[in-house]
Amino acid sequence: MGYHQSLYEQYRDKGFEVLGIDLFKGVEETKAFMKERGLTYPSVLASPEVLKAYGGITATPTLFLLDKDGTIVKKFAGSNADVEVELEETVLSLLGLPVPKRERVGVSGPREVFEKPLPDLPFPTLDGGTVRLSDYRGLVLLVEFWALQSQLARETLERHQHLYDQFKDKGLEILALSLESTNLEGVKAFLKTKKITFVSALATGEAIDTFGGIDFLPTVYLVDRQGALHQRFEPSNSQFYMDIEATVVDLLGLVKPGERYVPTHFDEEGNIVPGHVGKIGAEGQAQ
């Protein structure tokens with residue numbers, strides 16, 4: 001958002017405006033957030049109608065550029081150096097200003113964060129209660145940031161329900177953190193329909209900052225038994241679910257020396273092969 005403030009200050013006299021749409025805060029929280037970070041462009045709270053009109057949110061931040069006729073000309077999902085460069089180039093082009101040539105730095109796959117102690121964050125649950133990270137001390141905790149507008153995030157929650165059913169007796173817990181505070185009934189209805197049984201709560205700005213930001217939906221974090229942030233996963237490739245499952249099994253300590261866990265996958269005929277532990281063969285492959 002600081003970068004968007006910089007663009008706003010640089011080009012507002014040329015006809016550029018910024019409107020922030022907050023997905024998860026209330027009015028007072030949003031005001032405090034804007035003031036704390038020195039953001040001077042206007043901001044409003046998201047509504048289901050707005051999210052639907054813009055075609056859904058698959059990452060945070062998600063940016064839409066509108067031309068002077070009010071037509072959406074480009075959508076940007078996530079935030080990195082390349083997005084910032086392309087965003088400014090597109091703004092300049094729409095304003096009719098010269099576009100300098102700049103090098104794009106590129107980004108890699110899922111980012112990993114190891115051994116980062118987490119504070120005891122509280123989360124308001126959808127049933128009106130409160131859950132804290134300390135409630136999960138001694139367990140392996142999978143935290144998924146999601147939103148109803150993201151189809152991939154919805155599908156991931158369902159996949160994680162299967163993971164939860166498989167490993168909850170071994171010490172796995174899952175906490176789903178919704179970015180949508182304006183459509184709680186819709187969120188509750190979805191969770192009930194899909195029979196999601198792990199705890200669901202609302203994401204907070206503090207949580208997003210503490211975990212390291214959300215560039216895509218869903219974004220998944222794994223917290224070890226000591227309450228330290230272990231690894232971050234983003235849906236950048238087909239290995240997304242397999243990587244999460246394998247790391248969960250590793251953190252649970254279910255693989256002995258000389259063994260390797262093979263995550264749930266499809267065989268060559270399209271049949272589901274459940275995850276299993278196999279002995280490591282001579283070529284380093286699980287048997």
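The values are calculated or read from the model by the stated rules, or taken from the named source; none is laboratory data. No experiment lies behind these values; they were computed from the predicted model shown. Neighbour counts are summed over all protein chains in view; Cβ atoms, including those assigned to glycine, are modelled from backbone coordinates with ideal geometry.
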Original post:
Restricted to the stretch 260-271, and to residues that are modelled with pLDDT under 80 and not polar (S, T, N, Q), which residue is surrounded by the most Cβ atoms within 10 Å (Cβ to Cβ)?
Top reply: His265
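Would you please name the residue that is farthest from Asp243 (Cα to Cα), looking only at residues in the stretch 159-192 that are assigned to a strand (DSSP E or B) and not charged (D, E, K, R)?
Ser178
If you take the residues of the stretch 98-132 that are of a type in the set (Gly, Ala, Ser) and at pLDDT below 90, which of them is farthest from Leu191 (Cα to Cα)? Give the steps one after another, and end with the answer.
The first filter runs over the stretch 98-132 and keeps only residues of a type in the set (Gly, Ala, Ser), leaving 106, 108-109, 128-129.
Still in the list and also at pLDDT below 90: 106, 108-109.
On the way: Gly106: 36, Ser108: 32, Gly109: 29 Å.
Checked the stretch 98-132; the qualifying residue farthest from Leu191 (Cα to Cα) is Gly106.
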Subject >> Residue ranges of strands (runs of 3 or more DSSP E) in the stretch 10-81 with at least 3 members at pLDDT 80 or above and out of contact with any helix residue (DSSP H, G or I) (no Cβ under 6 Å at 6 or more places or on another chain) >> reply: 62-66, 72-77
**OP:** Among the residues of the stretch 182-207, count how many are in contact with a Pro (Cβ under 9 Å, 6 or more places away or on another chain) and hydroxyl-bearing (Ser, Thr, Tyr).
**Re:** 2
Subject >> Residue count for the stretch 21-56, restricted to those that are in contact with a strand residue (DSSP E or B) (Cβ under 8 Å, 6 or more places away or on another chain), free of Cβ contacts under 8 Å to residues at least 40 places away in the same chain and farther than 19 Å from Asp69 by Cα >> reply: 10
**OP:** Please give the number of the condition Phe190 fails out of (1) in contact (Cβ under 8 Å) with a residue 60 or more places away in the chain; (2) within 30 Å of Glu28 (Cβ to Cβ); (3) aromatic (Phe, Trp, Tyr).
**Re:** (1)
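Residue by residue, here is whether (1) more than 14 Å from Leu177 (Cβ to Cβ); (2) over 12 Å from the mean Cα position of the chain (by Cα) holds:
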| site | (1), (2) |
| --- | --- |
| Ala207 | no, no |
| Phe211 | no, no |
| Asp215 | yes, no |
| Tyr221 | no, no |
| Arg225 | yes, yes |
| His230 | yes, yes |
| Pro235 | yes, no |
| Phe240 | yes, yes |
| Asp243 | yes, yes |
**OP:** Please tell me if Leu217 is modelled with pLDDT of 95 or more and either closer than 22 Å to Ser47 by Cβ or of a type in the set (Phe, Trp, Tyr) (or both).
**Re:** no
